[in-house]
1. Quick check, is residue 87 out of contact with any Leu (no Cβ under 8 Å at 6 or more places or on another chain) and within 21 Å of residue 143 (Cβ to Cβ)?
2. In the range 96-123, which residues are of a type outside the set (S, T, N, Q) and under 18 Å from residue 83 (Cβ atoms)?
3. Here are some conditions: (1) crowded, with 18+ Cβ neighbours inside 10 Å; (2) in contact with a strand residue (DSSP E or B) (Cβ under 8 Å, 6 or more places away or on another chain). Residue 124 meets all but one. Which one does it not meet?
4. Tell me which of these residue 104 doesn't satisfy, since it passes every other one: (1) in contact with a strand residue (DSSP E or B) (Cβ under 8 Å, 6 or more places away or on another chain); (2) under 14 Å from residue 19 (Cα atoms).
5. Quick one: which strands (runs of 3 or more DSSP E) sit completely within the range 1-107 and have at least 3 residues that are surrounded by 15 or more Cβ atoms within 10 Å (Cβ to Cβ), more than 17 Å from the chain's Cα centre (by Cα) and touching a residue at least 12 places away in the same chain (Cβ under 8 Å)?
Amino acid sequence: MSALRVLGIDPGSRVTGYGVVEYKNASFTYLNSGCIRTPKTALCGRLGVIYQSVFTLIGEYEPDQVAVEEVFMARNPQSALKLGQARGAAISAVAMQDLEITEYAARTVKKAITGTGSASKDQIQHMVKMILGLTGTLAEDAADALAIAICHVNTQGTSRARVQNSRHIG
């Protein structure tokens, strides 16, 4: 079985988290994670930084697939619009490199990682570190991005198993 390399992205207009994991033989390997911190400039400039940074990460880590968090309905419509534009910049960088991208709701990611859709940021960080065998502190946005990547691998594996099982039944 060949390894599956996934780039997870937790978009934000000021901080975009990223995490790269590899999955092979029912085991995760941590490759890298971090935060794309945009300068305190106009939104257009920040979107350019997000696009270029994600494009560069894809070139460096050569993921097979990319997973990104969906926009949630924020209390502030302006914040939701900016978040949507940040997602768009990241997704555009992925699309330019012709990679498969899957979107996940925050609640779905939380449930996949911790077993509950209402998990706290601390619970997400703790479980991501346990799953990947990491010590030390992870930046919140980087931990979220790693959780998105892990969720993707687990969700894809479940989907493949369902398809294979349905083929054996019929």
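Bear in mind these aren't lab numbers, they're just calculated from the coordinates by the rules spelled out. Quick caveat, the model's predicted, so the values are computed rather than measured. Neighbour counts are summed over all protein chains in view; Cβ atoms, including those assigned to glycine, are modelled from backbone coordinates with ideal geometry.
1. Here the answer is yes, as residue 87 does meet what is asked.
2. 101, 103, 104, 105, 106, 107, 109, 110, 121
3. (2)
4. With (1) in contact with a strand residue (DSSP E or B) (Cβ under 8 Å, 6 or more places away or on another chain); (2) under 14 Å from residue 19 (Cα atoms) applied to residue 104, the lone miss is (2).
5. Where strands (runs of 3 or more DSSP E) fall fully within the range 1-107, none carries at least 3 residues being surrounded by 15 or more Cβ atoms within 10 Å (Cβ to Cβ), more than 17 Å from the chain's Cα centre (by Cα) and touching a residue at least 12 places away in the same chain (Cβ under 8 Å).
For every residue, the table says whether it meets (1) closer than 18 Å to residue 70 by Cα; (2) in a helix (DSSP H, G or I).
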| residue | (1), (2) |
| --- | --- |
| 122 | no, yes |
| 131 | no, yes |
| 135 | no, no |
| 143 | yes, yes |
| 151 | yes, yes |
